[in-house]
Amino acid sequence: MKNEHAILPERSQSIRFSECSGDGSGIKCESESVSGAVSQRACVFCGARVVLNPITDAFHIVHGPIGCASYTWDIRGSLSSGEDGYRNSYSTDLREKDVIFGGEKKLAAAIDEVMAIHSPKVIFIYATCIVGIIGDDIEAICRNAEEKYGIRVIPVKSPGFSGTKKTGYKMACNAIMNLITPVELPEKTVGVNILGDFNLAGEMWIIKNYLRKIGVTVVANITGDAKVDDLRKAPTAQLNLVQCAGSMTYLAKQMEEVFDIPFIKVSFFGVLDTSESLLRIAYAVGDTETIQKAKAFIEEEKNRVIPLLNKYKKNLEGKKAAIYVGGGFKAISLIRQFSEFGMKTVMVGTQTGSKEDYEMIQHLVDEDAIILDDANPAELESFMKKMGADILVGGVKERPLAYKLGIAFCDHNHERKRPLAGYEGTLNFASEINLSMNSPVWETISQGGMKYV
Ligand code: SF4
């Protein structure tokens with residue numbers, strides 16, 4: 001069926017109305033962005049940095065022009081319970097002369113400088129676009145530095161042109177495997193690893209607290225509020241919990257193959273997903289007591305939170321939501337959350353969703369909903385207008401698109417400051433949606449004829 005709403009003909013296969021194909025499998029995803037479409041998706045290097053930056057006692061040297069290093073903790077934070085070395089940014093600041101004569105000496109000098117001032121346990125060295133072109137041998141430099149200083153110096157080959165943001169996730173996962181793979185496999189302990197929560201506003205602490213309450217031990221957080229020594233214990237865990245499936249399924253599969261750790265996908269967004277996930281974890285690793293504790297905790301939290309959510313529900317019911325987020329699993333959780341609030345999702349898209357994610361999304365939304373992969377601003381604006389969205393949930397790059405159209409916005413990305421995970425996060429989310437969507441400003445804009453200008 002011809003998709004008459006796609007803005008560029010080359011993008012038509014990446015945009016679907018639910019009625020276009022039976023099972024959602026038709027959508028084109030996990031592919032390079034179309035040239036000239038001005039994708040909302042960031043580059044390979046950015047994908048790698050998202051995953052590795054939250055390791056609180058790691059140091060990160062961006063080998064490239066200073067512009068690549070502009071992605072810093074200050075822009076996209078994650079919280080730490082102790083160390084704060086990760087909040088600093090280091091760059092080799094490559095210039096024209098380095099591009100001509102090579103940047104290897106500069107990189108070796110940057111490592112020496114970091115070592116002279118700090119005492120890192122691990123340094124990640126990111127290769128950016130220009131390094132991929134001039135061919136600096138960063139692996140050799142990392143090896144030399146490891147011999148010289150006796151610490152881990154790990155290359156992260158992430159030139160922006162070498163794939164999609166998801167390629168960057170893979171490069172980061174390879175770097176984590178490089179860091180945590182021991183010479184000999186250790187004895188197993190009782191406990192789980194949490195993969196793919198980045199502790200943006202303290203969510204890792206919320207999840208760990210829930211697990212502690214039901215009697216499940218956490219061996220390592222990967223990578224929110226992570227410490228290098230804890231990460232090294234990760235191979236001893238009995239189960240991996242994958243929260244951000246887009247970035248961490250690859251690592252979970254690697255760990256299953258190398259360390260024999262099975263994994264399950266979980267989500268702590270919304271009452272339904274949080275409750276289901278806790279119960280599945282209890283059944284997977286706990287005994288009868290753990291399962292009983294989980295059931296009691298879920299019951300207690302539901303009794304506390306649902307009456308409060310019902311108060312918001314009166315203001316939210318019947319409204320229309322648009323979603324554009326990084327991963328498919330988060331999009332799925334958000335659709336479910338909006339259903340819990342009595343809202344309808346009319347547009348949903350992701351930067352890195354997989355075929356399976358889109359199949360699930362298609363089953364969750366109504367027939368007329370628009371589903372799109374790797375969207376650009378023109379498409380998002382056009383579809384929000386067409387579908388009459390009342391609110392957009394997205395990240396910092398989507399915020400101005402919504403506001404320019406006079407549509408409310410809720411930040412569900414790395415820039416937010418309020419936790420949105422777990423039962424308390426669901427209350428925060430409902431409160432933000434309510435406050436943003438029902439602000440009198442939208443009425444004023446409509447009256448002035450400015451909505452959708
Ligand atoms: S695309 Fe290349 S040059 Fe641009 S930020 Fe990414 S790594 Fe740097």
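Just to be sure, is TYR86 within 14 Å of the ligand (Cβ to nearest atom), aromatic (Phe, Trp, Tyr) and either modelled with pLDDT of 95 or more or in a helix (DSSP H, G or I) (or both)? Outline the logic, then answer.
Details: within 14 Å of the ligand (Cβ to nearest atom): no; aromatic (Phe, Trp, Tyr): yes; either modelled with pLDDT of 95 or more or in a helix (DSSP H, G or I) (or both): yes.
No: the conditions fail for TYR86.
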Open item on the list: Any residue that is of a type in the set (S, T, N, Q), out of contact with any Ser or Thr (no Cβ under 8 Å at 6 or more places or on another chain) and within 24 Å of GLY47 (Cα to Cα) - is there at least one of those in region 186-198?
Closed with: yes
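Go through region 360-375 and give me each residue that's over 25 Å from LYS265 (Cα atoms) and either at pLDDT 95 or above or of a type in the set (A, V, I, L, M) (or both).
Once the filter is applied, which keeps residues that are over 25 Å from LYS265 (Cα atoms) and either at pLDDT 95 or above or of a type in the set (A, V, I, L, M) (or both), region 360-375 yields ALA369, ILE370, ALA375.
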Open item on the list: Residues that are part of a helix (DSSP H, G or I) and charged (D, E, K, R): does region 316-327 have at least one?
Closed with: no
Task: Test: GLU83 is touching a Lys or Arg at 6+ places or on another chain (Cβ under 8 Å) and surrounded by 14 or more Cβ atoms within 10 Å (Cβ to Cβ) - done: yes
TODO: State all residues of region 250-294 that are under 20 Å from the mean Cα position of the chain (by Cα), assigned to a helix (DSSP H, G or I) and of a type in the set (Lys, Arg); if no residue qualifies, say none.
DONE: LYS253
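Restricting attention to region 127-136, does a residue exist that is in contact (Cβ under 8 Å) with a residue 40 or more places away in the chain, within 30 Å of LYS417 (Cβ to Cβ) and either surrounded by fewer than 17 Cβ atoms within 10 Å (Cβ to Cβ) or of a type outside the set (Phe, Trp, Tyr) (or both)? Before the answer, list the steps.
So in region 127-136, the residues in contact (Cβ under 8 Å) with a residue 40 or more places away in the chain come out as 127-131, 136.
Within this subset, residues satisfying the condition of being within 30 Å of LYS417 (Cβ to Cβ) are 128.
Going one step further and asking which of them are either surrounded by fewer than 17 Cβ atoms within 10 Å (Cβ to Cβ) or of a type outside the set (Phe, Trp, Tyr) (or both), we end up with 128.
Yes, some residue in region 127-136 is in contact (Cβ under 8 Å) with a residue 40 or more places away in the chain, within 30 Å of LYS417 (Cβ to Cβ) and either surrounded by fewer than 17 Cβ atoms within 10 Å (Cβ to Cβ) or of a type outside the set (Phe, Trp, Tyr) (or both).
The values are calculated or read from the model by the stated rules, or taken from the named source; none is laboratory data. Keep in mind that this is a model prediction, so the values were computed, not measured. No Cβ is skipped: glycine too gets one built from the backbone with ideal geometry, and neighbour counts run over all protein chains shown.
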